[in-house]
1. Which ones in the stretch 74-105 are under 30 Å from Gly165 (Cβ atoms) and not aliphatic (A, V, I, L, M)?
2. May I ask you to verify whether Ala175 is in contact with a Gly (Cβ under 8 Å, 6 or more places away or on another chain) and surrounded by fewer than 14 Cβ atoms within 10 Å (Cβ to Cβ)?
3. Of the residues that make up the stretch 101-109, is at least one in contact (Cβ under 8 Å) with a residue 12 or more places away in the chain, touching a helix residue (DSSP H, G or I) at 6+ places or on another chain (Cβ under 7 Å), surrounded by 10 or more Cβ atoms within 10 Å (Cβ to Cβ) and of a type outside the set (Gly, Ala, Ser)?
4. Checking Thr124 against (1) within 20 Å of Pro107 (Cα to Cα); (2) touching a residue at least 24 places away in the same chain (Cβ under 8 Å), which test does it fail?
5. Confirm whether Met117 is at pLDDT below 90, surrounded by 10 or more Cβ atoms within 10 Å (Cβ to Cβ) and part of a strand (DSSP E or B).
Amino acid sequence: MATWFQRYRLVILLGAALLLVWLNLSAPAPGSVVSPTSVVAAVVRPDSASRVSAPVSAEALSTERPALELNDKDPFAPELPKPAPPPVVQKPVPVVAPPPPPPPEPPPLNMVYAGRMTTPDGTTVVYMATGDTTVALTPGLDLPNGYKVLTISERAVEFSYPALGRTTRLDLPPAQKYQTR
């Protein structure tokens, strides 16, 4: 039983054989020569395929060429290379200085308010937490991070960073009012 592929191949081979037989029967006889004067050319215009122009004369179809003219130039002489184009002069790019670096900043304060206390002599001590340690702030105290406590008021603690000459202020929450009985 033949598969569809075998049937398809058989149809293709039969079609090719019929095409070759037809081409051999329609070819002109090997000894016949067609002269260019017997050919009538017709030009089909692209705007309408049904119109045909007038026949072209045999003189227009001739294969004769005009005679070649003599040339004064030797075709085998070496040619000099063309001169190089003038070099392109580029304008120098102005050098722009980079912007100055930003001024140095003091390190972060990293302190959290922990509480306050008024001592018997009337000075206020503020407790601040830094990480897992607590520090009692009094005016004039130098901290390990380079800051110095300037003043302590009811509303804020003022720090200075002497290395850069800057001051920082840390606001405090309002003091709680306690009742005594």
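1. In the first step, residues of the stretch 74-105 are kept if they are under 30 Å from Gly165 (Cβ atoms); the result is 97-105.
Scanning the stretch 74-105 gives Pro98, Pro99, Pro100, Pro101, Pro102, Pro103, Pro104, Glu105.
2. So Ala175 does not fit the description; no.
3. no
4. All conditions pass for Thr124, except number (1).
5. Working: at pLDDT below 90: yes; surrounded by 10 or more Cβ atoms within 10 Å (Cβ to Cβ): yes; part of a strand (DSSP E or B): yes.
Yes, satisfied.
Listed here are the residues, each with its yes/no results for (1) surrounded by 11 or more Cβ atoms within 10 Å (Cβ to Cβ); (2) in contact (Cβ under 8 Å) with a residue 12 or more places away in the chain; (3) in a strand (DSSP E or B); (4) hydroxyl-bearing (Ser, Thr, Tyr).
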{"residue": "Gly140", "(1), (2), (3), (4)": "no, no, no, no"}
{"residue": "Leu150", "(1), (2), (3), (4)": "yes, yes, yes, no"}
{"residue": "Ser160", "(1), (2), (3), (4)": "yes, yes, yes, yes"}
{"residue": "Thr167", "(1), (2), (3), (4)": "yes, yes, yes, yes"}
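The values are calculated or read from the model by the stated rules, or taken from the named source; none is laboratory data. Keep in mind that this is a model prediction, so the values were computed, not measured. Counting neighbours? That spans all protein chains shown, and the Cβs are built from the backbone with ideal geometry, glycine included.
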